[in-house]
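A short reminder: the numbers here are calculations on the coordinates, not readings from a lab. What you see is a predicted model; the values in this text were computed from it and never measured. Counting neighbours? That spans all protein chains shown, and the Cβs are built from the backbone with ideal geometry, glycine included.
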Amino acid sequence: MTLYERAGGFDVILALCRHWHALCAADELAGHPFEHMTMPNHDERLAAYLSEAFGGPPLYTAGYGDETFMQRLHAGHGVHAELDEACLDLFDRAVADIGIPQPAAGEITAYFRAGTLAQRAYAESPDQVPDGLAFNHAGGAAAPLRSPHDR
């Protein structure tokens, strides 16, 4: 079974994304990135991305963009370790609150943490993100995002 299936499929992943967004929006520190969000349907986009990353259907690449597109959306905002940790803690809480069973829950939180930390490679500018990045599928416990040198 894929991580997508073990997590419960798209509806569970969408519920996770919506719950995480609500937790972040209610948090003084973690809410900052969501205050001025201009991207419509963020929860659905994130759910599509995570679903594909976890072995589900290619919803993100079929409807929104590729890995390079996603990385460029999040690049150029500097390194913000305290904010990242606040958001990651709330993501862990959302996974627990939604009731995703272990070991899938641990794999999901590890994947999300690795991806968040790897995005620091592009902290200075979206121009740092190379063209043609391979989609960051979860593999084993969690696959970190490819570095700018892995093409």
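Some observations on this one:
- Check on Glu28, over 13 Å from the mean Cα position of the chain (by Cα), assigned to a helix (DSSP H, G or I) and surrounded by fewer than 17 Cβ atoms within 10 Å (Cβ to Cβ): no
- Matching option when the condition is under 23 Å from Ala121 (Cα atoms) and in contact with a His (Cβ under 9 Å, 6 or more places away or on another chain), among Leu83, Leu73, Leu88: Leu83
- Checking Gly8 against (1) within 23 Å of Phe135 (Cβ to Cβ); (2) within 15 Å of the chain's Cα centre (by Cα), the condition it does not meet: (2)
- Breaking point among (1) farther than 23 Å from Gly139 by Cα; (2) surrounded by fewer than 15 Cβ atoms within 10 Å (Cβ to Cβ), for Thr2: (1)
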